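Novice: Let me begin by handing over the structure; questions about it come next.
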Amino acid sequence: MCTTDLYRYASYAFRYLGSSVSSAGLFVGVITVVAGVGGSVLGATAASRAEASLGPAVGSRALFAVPALFTFPGTVLLVWSLLLNDQVRVRDA
């Protein structure tokens, strides 16, 4: 989920779901922290496994390759969310 989509959710929750500004902001903050910690753990695990499986000669390069490889699915999801942004309509409550 893109960061701007999270902020749009906060606006959506405030306008249409009747939540307060503080609870919508808290929800966005919690999602951001959980996604950041989860991404860091997943990236560190993938980099250390790639480093161990490729051997010491190539393994140090894996620390640079793994973040680049994780960028590709993130880019696809970002473009997908931007393209779907105009297709999703919210009906008035």
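Novice: Before we move on, is residue 52 surrounded by 14 or more Cβ atoms within 10 Å (Cβ to Cβ) and at pLDDT 80 or above?
Specialist: no
Novice: Let me ask something else. Please find, among 90, 58, 79, the residue that is of a type outside the set (D, E, K, R) and at pLDDT 80 or above.
Specialist: The conditions single out 79.
Novice: Identify all residues within segment 3-26 that are surrounded by 12 or more Cβ atoms within 10 Å (Cβ to Cβ) and either farther than 24 Å from residue 79 by Cα or in contact with an Asp or Glu (Cβ under 6 Å, 6 or more places away or on another chain) (or both); write none if there are none.
Specialist: Once the filter is applied, which keeps residues that are surrounded by 12 or more Cβ atoms within 10 Å (Cβ to Cβ) and either farther than 24 Å from residue 79 by Cα or in contact with an Asp or Glu (Cβ under 6 Å, 6 or more places away or on another chain) (or both), segment 3-26 yields 14, 15, 16, 19, 23, 24, 25, 26.
Novice: Let me ask something else. Return the residues of segment 16-38 that are at pLDDT 85 or above and either within 18 Å of residue 71 (Cα to Cα) or acidic (Asp, Glu) (or both); say none if nothing qualifies.
Specialist: 35, 36, 37, 38
Novice: Does residue 69 satisfy the criteria of being at pLDDT 80 or above, more than 25 Å from residue 84 (Cβ to Cβ) and among the aliphatic types (A, V, I, L, M)?
Specialist: no
The values are calculated or read from the model by the stated rules, or taken from the named source; none is laboratory data. All values derive from a computational prediction rather than experimental measurement. With ideal geometry, Cβ positions are generated from the backbone for all residues, glycine too; neighbour counts draw on all protein chains shown.
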